[in-house]
Amino acid sequence: MTRTRVVHPGPVPLEGRAWSGHGAVARVEVSADGGRSWARAEVAPQAHRWAWQAWSCVWRAAPGRHTLAVRATDTEGRTQPLEQPWNRGGFGNNMVQHVPVLCC
């Protein structure tokens, strides 16, 4: 049981959903190095003011270990934090999640 994903080298389609709670998602960025560098993904138009927005991109996987991360930014400039401010109950967790990937 692990969160590590295994992929083959070459193009790997990535897709997901993003939501702000404050308005439309203006930008989604994907990182394959744990958040040191970011590349833009395509964001689908917002279907409704409070709807999740689809995003997608193609990642060119190279052999080795990688850490994928995705962050969204809304039209007001709010970007998901890389670290979550601590609170006793763990409420409001909106931080960027990291997923380990093994490409072989």
- [ ] Confirm whether Ala39 is surrounded by 15 or more Cβ atoms within 10 Å (Cβ to Cβ), at pLDDT 95 or above and on the phi < 0 side of the Ramachandran plot.
- [x] no
Open item on the list: Scan segment 27-44 and tell me whether some residue there is within 17 Å of Glu76 (Cβ to Cβ), among the aromatic types (Phe, Trp, Tyr) and in a loop (DSSP other than H, G, I, E, B).
Closed with: no
Task: Condition met for Val6 (of a type outside the set (S, T, N, Q), touching a Pro at 6+ places or on another chain (Cβ under 9 Å), touching a residue at least 12 places away in the same chain (Cβ under 8 Å) and surrounded by fewer than 16 Cβ atoms within 10 Å (Cβ to Cβ)) - done: no
- [ ] With respect to Arg27, determine if the residue is crowded, with 16+ Cβ neighbours inside 10 Å and under 15 Å from the mean Cα position of the chain (by Cα).
- [x] yes
Open item on the list: Here are the criteria: (1) at pLDDT below 95; (2) polar (S, T, N, Q); (3) surrounded by fewer than 14 Cβ atoms within 10 Å (Cβ to Cβ). Tell me which single one Ser20 does not satisfy.
Closed with: (3)
Task: Odd one out for Val99 among (1) in a loop (DSSP other than H, G, I, E, B); (2) surrounded by fewer than 17 Cβ atoms within 10 Å (Cβ to Cβ); (3) touching a Leu at 6+ places or on another chain (Cβ under 6 Å) - done: (1)
Task: Residue count for segment 75-87, restricted to those that are among the acidic types (Asp, Glu) and either on the phi > 0 side of the Ramachandran plot or crowded, with 19+ Cβ neighbours inside 10 Å (or both) - done: 0
TODO: Select from segment 47-73 the residues that are in contact with a Phe, Trp or Tyr (Cβ under 9 Å, 6 or more places away or on another chain) and either surrounded by 15 or more Cβ atoms within 10 Å (Cβ to Cβ) or modelled with pLDDT of 95 or more (or both) and list them in ascending order.
DONE: Trp52, Gln53, His66, Leu68, Ala69, Val70, Arg71, Ala72
Open item on the list: If a residue must be closer than 23 Å to Arg3 by Cβ and touching a Lys or Arg at 6+ places or on another chain (Cβ under 6 Å), how many such residues does segment 55-78 contain?
Closed with: 0
Open item on the list: Which pairs turn up if I take residues in segment 54-65 that are without any contact (Cβ under 8 Å) to a residue 40 or more places away in the chain and look for partners that are crowded, with 18+ Cβ neighbours inside 10 Å and assigned to a strand (DSSP E or B) with beta carbon separation below 7 Å, at least 6 apart in sequence or on another chain?
Closed with: Gly64/Cys103
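The values are calculated or read from the model by the stated rules, or taken from the named source; none is laboratory data. Worth saying up front: this structure is predicted, and the values here are computed from it rather than measured. So basically every Cβ, Gly included, is an ideal-geometry build from the backbone, and we count neighbours across all protein chains shown.
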